[in-house]
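The values are calculated or read from the model by the stated rules, or taken from the named source; none is laboratory data. Values in this document were obtained by computation on a predicted structure and should not be read as measured data. Every residue, glycine among them, receives a Cβ derived from its backbone with ideal geometry; neighbour counts consider all protein chains shown.
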Amino acid sequence: MKRPTPSKPAAPKAAAPKTAATRTAAPKTATPATAAKRPRRVASTAKPRPSRATAVARKRVPAIVVHGWKHVSAALLAARESKRAVLLISPPGASYSHGAGFWGALVARAKELFPDVDCDIALDCDGAPGHVLAGLRVGLKLLVFGGNGATRDRLLDIAAQSGATLIPRPLAALDLVHHKDALASCRATLGVAA
């Protein structure tokens with residue numbers, strides 16, 4: 001029994017001759033005449049609107065990096081004892097590991113158990129705009145975003161519409177993951193006598 005031999009590939013079709021109707025023009029480079037027709041981006045002369053971030057920076061509120069409820073409760077107890085405001089912030093990129101839902105529940109519990117403490121609790125969303133939007137959906141009011149400027153501007157508008165604020169990550173913060181006794185570390189940072 002003979003095996004059939006593979007057929008020869010079909011010859012490529014000849015290209016149709018280009019006519020004036022089928023020819024495409026090469027893209028033109030911008031000339032001074034065409035560049036004048038394009039709208040130019042002009043920097044805004046309006047003053048930037050004051051945000052909660054600038055208020056936090058003006059008050060010189062100590063920042064504490066918290067990794068879970070144990071750290072949050074220790075920081076809020078120390079803040080209550082010192083009668084000082086405090087900024088609690090998640091670890092860098094915590095929206096990837098903890099998630100906005102977990103952080104929303106943490107904020108709700110903190111407000112419920114420590115209503116007398118002046119504190120802001122922020123979720124660090126790194127450079128992920130989708131995580132910022134997820135945080136806004138669960139009702140978070142303070143988020144850290146480290147993405148590019150154009151995305152940040154859009155997210156600032158969206159956050160402002162929902163009453164939330166985007167802040168930059170604080171440069172100096174006490175990270176409680178490096179301390180065995182979180183309460184003692186928070187007391188020392190907030191100036192509470194032992």
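Annotations
- Taken over the stretch 45-84, the criterion of being farther than 17 Å from ARG169 by Cβ, at pLDDT 50 or above and part of a loop (DSSP other than H, G, I, E, B) is satisfied by GLY68, LYS83, ARG84.
- Of the residues making up the stretch 160-168, at least one is of a type in the set (Gly, Ala, Ser), over 18 Å from ASP124 (Cβ atoms), assigned to a loop (DSSP other than H, G, I, E, B) and modelled with pLDDT of 90 or more.
- The residue of the stretch 154-194 that is farthest from VAL138 (Cα to Cα), among those that are hydrophobic (A, V, I, L, M, F, W, C) and in contact with a His (Cβ under 6 Å, 6 or more places away or on another chain), is ALA182.
- Of the set (1) under 20 Å from ALA128 (Cα atoms); (2) surrounded by fewer than 18 Cβ atoms within 10 Å (Cβ to Cβ), all apply to TRP103 but (2).
- Out of ASP157, ASP118, sole residue that is at pLDDT 90 or above, more than 16 Å from PRO62 (Cα to Cα) and surrounded by fewer than 21 Cβ atoms within 10 Å (Cβ to Cβ): ASP157
- Qualifying residue in the stretch 121-128 (condition: exposed (fewer than 13 other Cβ atoms within 10 Å of the Cβ), under 14 Å from the mean Cα position of the chain (by Cα) and not small (Gly, Ala, Ser)): no
- Residue list for the stretch 137-151, restricted to those being buried (at least 18 other Cβ atoms within 10 Å of the Cβ) and either assigned to a loop (DSSP other than H, G, I, E, B) or touching a Phe, Trp or Tyr at 6+ places or on another chain (Cβ under 9 Å) (or both): LEU140, PHE145
- Of the residues VAL177, VAL132, the single one that is in a helix (DSSP H, G or I), surrounded by fewer than 14 Cβ atoms within 10 Å (Cβ to Cβ), of a type in the set (Val, Ile, Thr) and in contact with a helix residue (DSSP H, G or I) (Cβ under 9 Å, 6 or more places away or on another chain) is VAL177.
- In a residue-by-residue description of the stretch 93-102, the property of being among the aromatic types (Phe, Trp, Tyr), at pLDDT below 95 and assigned to a helix (DSSP H, G or I) applies to at least one position.
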